[in-house]
Amino acid sequence: MSERKNDIKELSSVVFDFLKTTDLKALPVGKRYFKNGIYANVEEYLTKSRSERKYESHRKYIDIQLMISGSEKMIVDEISNLEICEPYDEEKDICFYYDNKQGKKYELKEKSFMIFYPDQAHMPCVDVQDGVHQKVKKIVFKVPYINTKDIKAVVMDTDGTLTDGTIYMGEDSELFKSFNIKDGYGLGNILPSLGIIPVVLTARKSEYLKRRCKELKIRHLYQGVKDKKTKLEEICSRLEINLNQVVYIGDDDNDLDCIRLVNSNGGISACVRNASDKVKKESNFISTLDGGCGAVRQVIDWIANGKETV
């Protein structure tokens with residue numbers, strides 16, 4: 001249970017900050033996006049009879065459903081008690097189940113909310129009184145579900161992520177690179193102790209990076225990669241892992257394809273504090289440190305804490 005509390009504490013503080021300063025009743029219908037990969041959907045609809053509804057569940061997001069106006073019945077049950085009627089849709093992140101005519105019943109009233117994790121099936125939008133359809137307005141926050149226990153590889157960019165982004169050039173080539181010693185300890189010691197493979201994926205080529213990876217015993221170094229997304233898929237195939245077992249750390253717009261690929265497949269995306277605005281918007285975890293200043297180590301420590309949670 002402690003891991004779940006950490007999910008809500010670390011990822012949904014932005015949700016509660018938003019609620020403190022927003023007139024929910026004045027919000028228009030539609031989606032709005034926040035940092036850390038969180039988004040929300042404001043909906044207006046009429047409730048329906050239970051016979052017209054199905055259970056649903058999600059894999060990639062925690063649902064925080066808050067009633068703005070009106071009231072509906074919410075029926076909740078464990079997935080293990082249900083039979084699938086529509087298989088999981090990866091793009092929409094939803095799976096539907098037949099009604100087992102059981103489940104716990106709750107009334108979601110104005111200003112009340114419920115939180116659903118991926119293993120909790122729920123049947124929303126049900127009439128409080130069967131056959132009496134009620135108009136409701138609700139906001140559903142979608143908070144990325146982070147499960148660090150499943151991570152098998154950490155894939156990261158170099159310039160601006162493992163370094164501060166400064167390139168020192170001589171007349172003919174790069175003079176040197178500056179690496180953070182704490183990042184190095186995380187990559188060379190902490191990740192291997194957890195059974196997690198460190199992978200460096202960069203568009204540039206550097207002899208200094210090659211030497212640093214050799215020093216840290218990082219065997220998976222890919223330099224001069226122009227199509228990072230395709231290479232990331234190849235890496236996962238070679239390592240025989242799935243994208244939902246990957247943490248990708250980046251800093252600039254050329255990392256977006258990998259971030260989106262990992263996000264859409266249930267993995268974890270992270271970025272440094274001074275990443276581009278686009279990268280920050282789509283990352284699940286944003287470090288409080290700049291690239292080259294221990295940001296990668298902070299992500300590694302966060303993963304390690306999750307791995308050790310009981």
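Here, each number is a calculation from the coordinates, and none is a lab measurement. Worth saying up front: this structure is predicted, and the values here are computed from it rather than measured. Don't worry about glycine lacking a Cβ; one is built from the backbone with ideal geometry, like all the others, and counts go over all protein chains shown.
Each Lys and Arg Cβ is given +1 and each Asp and Glu Cβ -1; about its Cα centre, the range 148-308 then shows a dipole of about 460 debye. Considering only HIS122, HIS133, HIS58, the Gaussian network model of the chain with Cα springs below 10 Å gives its largest mean-square fluctuation to HIS133.
Inter-label distance, ILE94 to MET114: 1.6 nm, where each label sits 7 Å from its Cα along the C-beta direction. Using the Cβ-Cβ distance between LYS217 and GLU52 with R0 = 41 Å, the FRET efficiency computed as 1/(1 + (r/R0)^6) comes to roughly 0.10.
Assuming charge only on the beta carbon of Lys and Arg (+1) and of Asp and Glu (-1), the dipole of the chain about its Cα centre is about 400 debye to the nearest 20.
How would you classify the range 2-144 from its alpha-carbon gyration tensor, with a ≥ b ≥ c the square roots of the eigenvalues: rounded for a/c under 1.5, else prolate if a/b is greater than b/c, otherwise oblate?
oblate
Averaging the Cα positions of each part gives two centres, and for the range 251-267 and the range 125-163 these lie 16 Å apart.
Each of ILE79 and SER193 was given a label point 7 Å from its Cα along the Cα-to-Cβ line. The distance between the two points is 3.2 nm. If you bin every alpha carbon distance in the chain into 20 Å steps from zero, what whole percent lands in each bin? Bins of 20 Å from zero give 30, 49, 19, 2 percent of pairs. With unit charges on the beta carbons (Lys and Arg positive, Asp and Glu negative) and the dipole taken about the Cα centre of the range 125-164, which residue among THR158, HIS133, THR148 sits farthest to the positive side? With unit charges placed on the Cβ atoms, the residue in question is HIS133. Principal axis extents of the C-alpha atoms in the range 106-263 (largest first, rounded to whole Å): 78, 33, 29. Under 5 Å between amide hydrogens, built in the peptide plane, is the criterion, and for PHE96 it picks out CYS85, GLU86 among residues at least 5 positions away or on other chains. Mean separation of Cα pairs under 8 Å and 6 or more residues apart, divided by the residue count, gives the range 105-258 a relative contact order of 26 percent. For the range 224-310, a/c is not less than 1.5, where a ≥ b ≥ c are the root eigenvalues of the C-alpha gyration tensor, and a/b does not top b/c. That puts it in the oblate class. Each Cα pair under 8 Å and six or more residues apart adds its sequence gap; the mean of these over the residue count of the chain is a relative contact order of 20 percent.
Between TYR106 and ASP23, what's the calculated FRET efficiency when r is the beta-carbon distance and R0 is 35 Å? Round to 0.05. Before the final figure, lay out each step's value.
Numbers: r = 26 Å, r/R0 = 0.74.
Rounded to the nearest 0.05, the efficiency is 0.85.
Calculated on the alpha-carbon coordinates, the convex hull of the range 197-255 measures out at 89 cubic angstrom per residue. Residues of the range 110-126 with an amide N closer than 15 Å to a point placed 7 Å from the Cα of TYR45 along the Cα-to-Cβ direction: 122-126. The antiparallel fraction among DSSP beta bridges confined to the chain stands at about 70%.
Take TYR55, TYR222, TYR88 and order them by how many other Cβ atoms sit within 10 Å, fewest up front.
TYR88, TYR222, TYR55
Estimated from helical segments only, the mean residue ellipticity of the chain at 222 nm is -6500 deg cm²/dmol, where each DSSP H run of four or more residues counts as -39500 (n - 2.57). What's the angle, to the nearest 10 degrees (0 to 90), between helix 2-11's Cα axis and the longest principal axis of the chain? Computed tilt is about 80 degrees.
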